[in-house]
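For reference, the structure is listed below as structure tokens.
The values are calculated or read from the model by the stated rules, or taken from the named source; none is laboratory data. All of these numbers come straight from a predicted model, not from anything done at the bench. Neighbour counts are summed over all protein chains in view; Cβ atoms, including those assigned to glycine, are modelled from backbone coordinates with ideal geometry. Heavy atoms of the whole protein, side chains included, go into the accessibility calculation; ligands, DNA and RNA do not. Shrake-Rupley method; radii C 1.70, N 1.55, O 1.52, S 1.80 Å.
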Amino acid sequence: MSRLFRLFAFLSGFCYIFASPDVCTNSLIPGAKGDQGDDGEQGEEGKLGKNGPPGLAGDKGLKGFDGPVGLKGQTGATCDCGRYRKVVGQLDENVGKLRNAVRFVKNVLLGLKETEDRYYLLVKEPKKFRKASMNCKLRGGTLAMPKTNNINQLMADYINQAGLTRVYMGVQPQSKDTNGTGSYIYADSTPLREFAVWSQEELLYSTSSPATNVSCVELLNTGTWNKVECETPLFFICEFPKSRRRGRGGTAASTS
């Protein structure tokens, strides 16, 4: 206790001697700021934090330089064009032979006649008109209908070449009208219209002998038409559209 008292008395005397005559205090005044100390040693690396959100896409970079030219390829094989020409020529020759063979089968073996759009087949099997018409339908065609002078003459020549005198064709009687008279139509139900090649005898007696359901029509080798009883067995000519034989619709024509 006496030590503290003596320390206090010493400090009071010191203040009295060095302090200004106007101010005297027992508080401690801080000294001037010292110089900056040396940097401390670097601490240990902290823990890795969480990944932040991805940044925005950057701008497209500049086009790079062209790469070096590649190595030259190997020389291709020489085309043997002469051999291919020879093969094509042989194919053309074979196609020509095949066409000739088909023409021989149609015109010689089967005896077919043809126009630009139709085939005509003479069937040497005597049948009544109704059965002859059905036979042509079963083959995929109809009884031949000479609707023009050229077709009529082709059919007449066909009959002559076969050594025949007459055949059934696709002209048939139509049912009687209210007046009791009848007329003729083609096998496809179209009217005769302007073209008809009736014989002179038929023209003379046409008014006295109108068409009836039992009076059919035959084509003579002279190219003229005559009436004939439908129950008479005769050879006949069928016609077939070429489009059917090419598979464009309908049943393929049969010439057997």
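Taking 0.36 nm per residue of separation and subtracting the Cα-Cα distance, what length does fully extending Glu125 through Leu62 add?
Using 0.36 nm per residue and subtracting the Cα-Cα distance, I get 13.6 nm.
What nm value, rounded to one decimal, do you get for the distance between Glu116 and Glu45 when each label is placed 7 Å out toward the C-beta? Label at Glu116, label at Glu45, 9.6 nm between them.
With a 1.4 Å probe rolled over the protein heavy atoms of all chains, the accessible area of Ile151, Ile237 falls in the order Ile151, Ile237, largest first.
Straight-line reach from Lys86: taking Cα to Cα under 24 Å and skipping same-chain neighbours fewer than 8 places apart, the lysines in range are Lys97. Taking a Cβ cut-off of under 14 Å around Pro126, the surrounding Lys, Arg, Asp and Glu residues balance to a net charge of +2, with basic ones at +1 and acidic ones at -1.
Pairs exceeding 20 Å between alpha-carbon atoms, taken from Lys127/Lys227; Lys128/Lys242; Lys113/Lys227; Lys128/Lys227; Lys124/Lys242; Lys113/Lys147: Lys128/Lys242; Lys113/Lys227; Lys124/Lys242.
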